[in-house]
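As structure tokens, the structure follows; a few thoughts come after it.
The values are calculated or read from the model by the stated rules, or taken from the named source; none is laboratory data. What you are looking at is a predicted structure, and each value in this text was computed from that prediction instead of being measured. Heads up, the Cβs are rebuilt from the backbone with ideal geometry, glycines too, and the neighbour counts pull from every protein chain shown. These area figures cover heavy atoms from the full protein model, side chains too; ligands, DNA and RNA do not enter into them. Shrake-Rupley method; radii C 1.70, N 1.55, O 1.52, S 1.80 Å.
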Amino acid sequence: MEANGLGPQGFPELKNDTFLRAAWGEETDYTPVWCMRQAGRYLPEFRETRAAQDFFSTCRSPEACCELTLQPLRRFPLDAAIIFSDILVVPQALGMEVTMVPGKGPSFPEPLREEQDLERLRDPEVVASELGYVFQAITLTRQRLAGRVPLIGFAGAPWTLMTYMVEGGGSSTMAQAKRWLYQRPQASHQLLRILTDALVPYLVGQVVAGAQALQLFESHAGHLGPQLFNKFALPYIRDVAKQVKARLREAGLAPVPMIIFAKDGHFALEELAQAGYEVVGLDWTVAPKKARECVGKTVTLQGNLDPCALYASEEIGQLVKQMLDDFGPHRYIANLGHGLYPDMDPEHVGAFVDAVHKHSRLLRQN
């Protein structure tokens, strides 16, 4: 580190590296904590910032993304920031139109219906150049964080992105996307390969821009059983990690810890633990002790309080204590088992963060 408090890339020196140390499996003084969707609608200041703008216009404004990323850190002593963006900027960069419909969620007016629709997609190698606004947001946020905590970058995993591109939006069954897997396995692999080839330079670009960790969201893992998952999701999850790490090495950049979060992917925990990620995120349906037995001691676990536990009041501390006891102090990052919901009380989020810090310190003393 240089004397002026600037790190190697000219970014401010990191003052709290607890999250990164836990991700790498090193000892920490307490358990670090952050929340998925911590920059979100549960904060009145988020609603004010976002009110005037279309969702994807917000995503394309580095200033707005930076402000939204920093808002929760002004309120809570979180141990990491995660850049405000969306997984669907990747399909957009591949040339698909996506709109965010209030009250309904993302919508693709022209989803992929036939195999020949794949020809409409742009070359995956150009995706990173289309997503410069994300890189600018990361660099700006990393500067403004002033080294307070590390900044996490992220992307959606290939299968999860494929579901949106084929379904045209959210779905309770993913029947259209799964129909592709059964009826058009070759085209499915072609699409998943295009997405992988787009994600790798995008994630590397996030690190170049200043991201200090990366999370891959396989949000729709639960729609697949073990066989489909092992055939159409896992190989690409593995490939993303392998290629990102190789490219960082080739570019002479320091490695960053990578997190895989496969929601409802409890049937694949063992495989995910060996997929090349330092951290495996867990949803709230997985028992911590069973997860640890399953993955062994070589990866860090992240999770997994039921987000709805934050509707409780007095009990939050007790629920957090139980969770921390079950996970133990080593190789563990506290989080929710999914994102914060818009109607949650910010004070309860604060109670969650404080309880993690307080109890994990006590746990280490005993």
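Observations on the structure shown:
- Net charge of the neighbourhood of LEU43, taken over other residues with C-beta under 13 Å away and scored Lys/Arg +1, Asp/Glu -1, is 0.
- Within the shell defined by Cβ-Cβ distances under 13 Å, the residues around PHE217 carry a net charge of -2, with Lys and Arg each +1 and Asp and Glu each -1.
- The stretch 78-155: C-alpha gyration tensor shape, a/c 1.5 cut-off, then a/b vs b/c: prolate
- Look at the alpha carbon pairs under 8 Å that are at least 6 residues apart: their mean separation over the length of the chain gives a relative contact order of 21 percent.
- Where trypsin sites (Lys or Arg not before Pro) fall in DSSP loop in the stretch 208-249, at most 13 other Cβ within 10 Å: none
- Kyte-Doolittle at least -0.5, axis length at least 27 Å by Cα - qualifying DSSP helices, the chain: 185-209, 346-365
- The 1.4 Å probe gives accessible areas that order GLU97, GLU130, largest first, as GLU97, GLU130.
- Rounded if a/c under 1.5, otherwise prolate or oblate - the stretch 221-366, Cα gyration tensor axes: prolate
- Dipole-positive endmost among ILE83, TYR332, GLN186 within the chain (Cβ charges, Cα centre): TYR332
- Sparse-neighbourhood loop sites, GluC sites (Glu not before Pro) in the stretch 19-90 - DSSP loop, at most 14 other Cβ within 10 angstrom: GLU26, GLU27
- Note on ALA312 and GLN116: the model spin-label points, each 7 Å out from Cα along the C-beta direction, lie 5.7 nm apart.
- Backbone HN-Hα couplings from phi across the stretch 84-99 [Karplus 6.51/-1.76/1.60, Hz, Gly and Pro as x]: 6, 6, 8, 5, 7, 5, 6, x, 4, 5, 7, x, 8, 7, 9, 10
- Protein accessible area in the stretch 239-366, 1.4 Å probe - carbon and sulfur %: 52
- Positive-end extreme of charge dipole, the chain - chosen from SER172, VAL149, PRO257 (charges on Cβ): PRO257
- Computed FRET value (nearest 0.05) for VAL101 with SER129, which takes r as the C-beta separation and R₀ as 35 Å: 0.80
- Relative contact order of the stretch 285-348, taken over Cα pairs closer than 8 Å and 6 or more residues apart, is 47 percent.
- Percent RCO, i.e. relative contact order, over the stretch 95-234, from Cα pairs under 8 Å lying at least 6 residues apart: 34
- Peptides 351-358, 308-315, ordered by how many other C-beta atoms sit within 10 Å of their residues on average, highest first, read 351-358, 308-315.
- A simple spin-label model places pseudo-atoms 7 Å from Cα toward Cβ; at ASP345 and GLU27 they are separated by 3.9 nm.
- Placing +1 on the Cβ of every Lys and Arg and -1 on the Cβ of every Asp and Glu, with no other charges, gives the chain a dipole of roughly 440 debye about its Cα centre.
- Shape of the chain, Cα gyration tensor, a/c cut at 1.5: rounded
- What the chain shows is 41 Å² of accessible area per residue, with the surface traced by a 1.4 Å probe over protein heavy atoms.
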